[in-house]
1. Could you pull the accessible area for Asp105 with a 1.4 Å probe, rounded to 10 Å²?
2. Using a Förster radius of 30 Å, what is the FRET efficiency between Leu166 and Arg7 based on their Cβ-Cβ separation? Nearest 0.05, please.
3. Set Lys and Arg Cβ to +1 and Asp and Glu Cβ to -1, take the dipole of region 5-68 about its Cα centre, and tell me which of Thr19, Ala64, Gly34 lies farthest positive.
4. Given a Förster distance of 25 angstrom, what is the FRET efficiency for Asp135 paired with Gln100, based on the Cβ-Cβ distance and rounded to 0.05?
5. How far apart, in nm, are the 7 Å Cα→Cβ label points at Glu73 and Ser121?
6. Based on Cβ point charges of +1 for Lys and Arg and -1 for Asp and Glu, what charge dipole magnitude is obtained for region 1-156 about its Cα centre, in debye rounded to the nearest 20?
7. Excluding ligands, DNA and RNA, what is the solvent-accessible area per residue of region 1-76 at a probe of 1.4 Å, expressed in Å²?
8. Please report, in Å, the Rg and the Dmax of region 12-152, where both are computed over Cα atoms only.
Amino acid sequence: MQLVVARIGRAHGIKGEVTVEVRTDEPELRLAPGAVLATDPASAGPLTIETGRVHSGRLLLRFAGVTDRNAAEALRNTLLIAEVDPEELPEGEDEYYDHQLIDLDVVTEDGTEVGRITEISHLPTQDLFIVERPDGSEVMIPFVEEIVTDIDLAEQKAVIAPPPGLIDDRAVIASARDAESGSARDAESGSAKDAESGSAKDEDA
């Protein structure tokens, strides 16, 4: 199974180093010297990591055959792709690879459907689930123990206990806006039937 583990950023210095946006929880394994990675676009690779180091909080890599700034800059925005055994599991307890989490159904503890995980965003401070809701909108859910209370790979679901406003803030705003506009329309028309209809739609929202 192929997984994106990093995206190449800007060239650093004049000797071929590049900054990378890490997209794996195990950069010391996936982005170690000697690793051979496929690329997207495919024409840019495969690339063999020659050296790696951390500078000012950013990971810097140099690839075999990339020896100057121009060659490094030509790789900008290239995705680095590792081949991973789909049966392989992380070493740490309660840790997961991205491919294990993608497509999990997200539900609240009372069983309410929230959506489906479409992407994992790895930020410096925490990871985020990007969840597509049934209406096509997206919501970001921090992957922290206080919010994500259970990951059930057998049932293919993630259970969450969202704090107020995490998944329902837009719905509340939309409902309030609809109610205001509905009241204005009702006042103008003076129609009791329209008022009843507007209330029903607000409740559905």
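The values are calculated or read from the model by the stated rules, or taken from the named source; none is laboratory data. Treat the numbers as computed from the prediction; the structure is a model and nothing was measured. Reconstructed Cβ throughout: ideal geometry from the backbone, glycine too, with neighbour counts over all protein chains shown. Note: accessible area is taken over every heavy atom of the protein model, side chains too, but ligands, DNA and RNA are not part of it. Shrake-Rupley method; radii C 1.70, N 1.55, O 1.52, S 1.80 Å.
1. Asp105 has an accessible surface of roughly 80 Å² with all protein chains in place.
2. Taking R0 as 30 Å, the efficiency between Leu166 and Arg7 is 0.65.
3. Thr19
4. 0.45
5. 3.0 nm
6. I would put it at about 1700 debye.
7. On the way: 4170 Å² over 76 residues.
So region 1-76 comes to 55 Å² accessible per residue, rounded to a whole number.
8. Expressed in Å, the Cα Rg and Dmax of region 12-152 come to 17.8, 57.
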